[in-house]
Each structure stands twice: as structure tokens, then as C-alpha cells.
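Throughout, read-outs are computed from the coordinates displayed, never taken from laboratory work. As the structure is a prediction and not an experimental result, all values here were calculated from the model. Positions of Cβ are backbone-derived with ideal geometry, glycine not excepted, and every protein chain shown enters the neighbour counts.
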Amino acid sequence: MTETEWLACDDPVKLIAALEGRCSDRKCMLFAIAACYLCKPRRKKPKAQFEAVVQYADGETDIAPVRKHWGGAVGTSWPERPFPWAHQFAIDSQVGGSGYPPVAELVPLVRCVFGDPFRPIEFSPDWRTDTALTLARQMYASRNFSAMPILADALQDAGCDNAHILDHCRGGNLGHIRGCWACDLVLGKS
């Protein structure tokens, strides 16, 4: 897949497939968890099930709580297979699996988490001001990303002139989620 094809693609299965070998396990887990939050039947499940994966993805816990909540034996729970999990989730949504989010909801999630894999962004450590870090940490912890435009202002005040970062942060109706590539740059996460 080329960058032009990536930017024009509205098929989450193709987008995820193009990421194989180009993305971290953490990003795949956070994408899959964000998609799980959109699933109608799964909305009733305890948030602890999803948060265990987020904590594991961020290195805050070991695999035991994930296995407890996801019922997998060693090496078999979905979170232990991040890329296949993310890819299968996209496939199931495309097929129209019961309660899965529609494809139109997954494409923005893919773009928010993975950005443009064809355009690596250099992020200056000078842009990680106390304000930018505080905003990013609060949004990540609360899962409330309404302050993204304010983060863009903080980054710009710190000297960031990267249009991709600033435009993503200011993206009008774009829903941001944990794992958002721009927020992760501020936090130094990959």
C-alpha cells in the first residue's frame, strides 16, 4: 500500500493489514480495546476487562489480570495476540458481526491510533512542556480528549510547527482515543 492509497482507503481491514510489521503491540491492543468499547454487547461488560488490557499494554501490570478477565490460557487470549486481534476485529466488523461497530467507526480509530505510517514525524523534546505533558496525561488517564485543541495550542507555543501534529490535534469532529499518535508523541509512548 502506498501513502496515497492509505490516505484514500476506507477499509479498516486493508488499513490494519498494511500495518503488519510496522506497528507496536501496544498500538494494536489500544486500537482493539477502543473498538471493544464501541461494541454493543461488550458495552455491558465490566470496564475492568478493558482497563486490564490498557494497563498491560502500558507496562503497568503483567499478563495475569488480562488472562483473568479474558479467560485465555497461556498464549491464547486475544490481548496476547495483538496484531491478529486488531486485524480480526476489523474483519468481523466488515462482515457485520453481531454488535460489532460499523466499518465507518473503525477507520477513524485506525487513523487516530496509527496516524500515517508513511510519514514518520520527528517530535522535538522541547515541545514536551509541563503544560503539554499535563494535558496529554490527563486526557490519556480520563479517556476524555476534548482538550486536544488546547494541546495543539500548547505545542505551538512550545515551538511545534508540524502541520500534521497540529491539524490532528485540532481535528474538528475527529474522536481521539487512548493510543492517539499525537498524544503518544507528547507522552513519549510508541
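At a glance:
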| quantity | calculated |
| --- | --- |
| Charge dipole (the chain, unit charges on Cβ, about Cα centre) - positive-most of Leu155, Trp70, Cys23 | Trp70 |
| Cα→Cβ-extended label distance, 7 Å offset, between Arg22 and Ser146, nm | 3.5 |
| Formal net charge of residues neighbouring Gly171 (Cβ-Cβ distance under 15 Å; K, R +1; D, E -1) | -1 |
| Selection from Thr131, Pro12, Cys183, by position along the positive dipole direction of the chain (Cβ) | Pro12 |
| Mean Cα-pair separation over length for the stretch 3-114, i.e. relative contact order, pairs under 8 Å, 6 or more apart, % | 39 |
| Of every Cα-Cα pair in the stretch 125-187, the percent that sits beyond 21 Å | 9 |
| Mean Cβ count within 10 Å, highest first, over the residues of peptides 60-68, 118-126, 134-142, 22-30 | 22-30, 134-142, 60-68, 118-126 |
| No Cys partner within the rule (Cβ under 4.7 Å), the chain | Cys9, Cys23, Cys28, Cys36, Cys39, Cys112, Cys160, Cys169 |
